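Asker: Once you've had a glance at the structure underneath, I'll fire off some questions.
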Amino acid sequence: MIWNWHERKFEMAWPCPIGEGATAVAFHPSGFHILAAVGDKIMMMNVLSNSMSEYHNFVAKGCREIRFSNGGHLFAASHGIKTHVYNFYTSDCPPNMICTGHNGKIMNIDWFEDDSGFADCCSMGAVYFYDLEEQRENQSRIKENEFKRPKTCINSIVNVPAMTPKNPNN
């Protein structure tokens, strides 16, 4: 369902298959595309002037969070305790772009301002930072900046603009 906040009115809706609801939704920065996790797949849809149409889908079991990068060329989707980084144009996720480390369900993802990486948080009280270049080369996260608060469910995170995890003293 698309709601126009400016004019406070309903714009359009896309019906989910019977018995299945969307567990995660993300709008492309351009506003012309939507990703929706429905059942065991991620559906890629175009937003047209008065309708939405699905043009591609792929298997993604247990997806609960999807977030586009600021440029829209990548998106991150959480599958349980892992975050997969996909190329928006090809929907490919190389094996070295599967970000791991959490012990609990990933609750939120937020991209760095320059799209060089992202942070995610989980229900077990951890926030991890991933630099995509480091992830491609070594399949590891930025460990010096991780945050852990056991027995605390962290539901959401926000990266502060102009602060990079490599130099938090900016």
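Asker: Counting only helical runs of four or more DSSP H residues, what would the 222 nm mean residue ellipticity of the chain come to if each run contributes -39,500 (n - 2.57) and the total is spread over all its residues? Before the final figure, lay out the partial values.
Answerer: Values: 1 runs with 7 residues, N = 170.
That calculation yields -1000 deg cm²/dmol at 222 nm.
Asker: With Cβ to Cβ distances under 12 Å as the rule, what net charge do the other residues near residue 86 carry (K, R +1; D, E -1)? The partial results should precede the final answer.
Answerer: Working: positive: 67; negative: 92.
It works out to a net charge of 0.
Asker: Counting only pairs 8 or more places apart or on different chains, how many lysine pairs in the chain have C-alpha atoms closer than 29 Å?
Answerer: 21
Asker: Tell me which chymotrypsin sites (Phe, Trp or Tyr not before Pro) from region 1-108 have a DSSP coil assignment and no more than 11 other beta carbons within 10 Å of their own. Working shown, then result.
Answerer: Details: sites: 3, 5, 10, 27, 32, 55, 58, 68, 75, 86, 88, 89; in loops: 5, 32, 88, 89.
Sites meeting the loop and neighbour criteria: 5, 89.
Asker: If you don't mind, there's one more thing I want to ask. With loop defined by DSSP as not H, G, I, E or B, and exposure as at most 14 other Cβ atoms within 10 Å, which is the longest segment of the chain clear of exposed GluC sites (Glu not before Pro)?
Answerer: Numbers: sites that count: 7, 20, 113, 146.
Counting only loop sites that pass the neighbour cut-off, the longest clear stretch is 21-112.
Asker: Here's another thing I want to ask about it. Using DSSP to call loops (not H, G, I, E or B), can you name the trypsin sites (Lys or Arg not before Pro) in region 36-85 whose Cβ has at most 14 other Cβ atoms within 10 angstrom? If you can, show how the numbers build up before the last one.
Answerer: Details: sites: 41, 61, 64, 67, 82; in loops: 61.
In loop regions of region 36-85 (DSSP not H, G, I, E or B), the sparsely surrounded trypsin sites (Lys or Arg not before Pro) are 61.
Asker: Another question about this same structure. Applying 1/(1 + (r/R0)^6) with R0 = 35 Å to the Cβ-Cβ distance of residue 16 and residue 133, what FRET efficiency is obtained, to the nearest 0.05? Show your work: numbers first, answer last.
Answerer: Numbers: r = 37 Å, r/R0 = 1.06.
The calculated FRET efficiency here is 0.40.
Asker: Please work out the Cα center distance from region 84-114 to region 8-77, rounded to the nearest Å.
Answerer: 16 Å
Asker: Taking only Cα atoms and a 10 Å spring cutoff, compute GNM fluctuations for the chain and point out the largest among 127, 59, 38.
Answerer: Per the Cα network of the chain with a 10 Å cutoff, 59 tops the list.
Asker: Further, regarding this structure: If all Cα-Cα distances of region 20-148 are sorted into 10 Å bins from 0 onward, what percent lands in each bin, rounded to whole numbers?
Answerer: Calculated over all Cα pairs of region 20-148, the distribution is 13, 46, 32, 8, 1 percent.
Every number here is computed from the coordinates shown, using simple stated rules; none is lab data. Since we're looking at a predicted model, the values are computed, not measured. Using ideal geometry, Cβ is built from the backbone for each residue, glycine included, and neighbour counts are taken over all protein chains shown.
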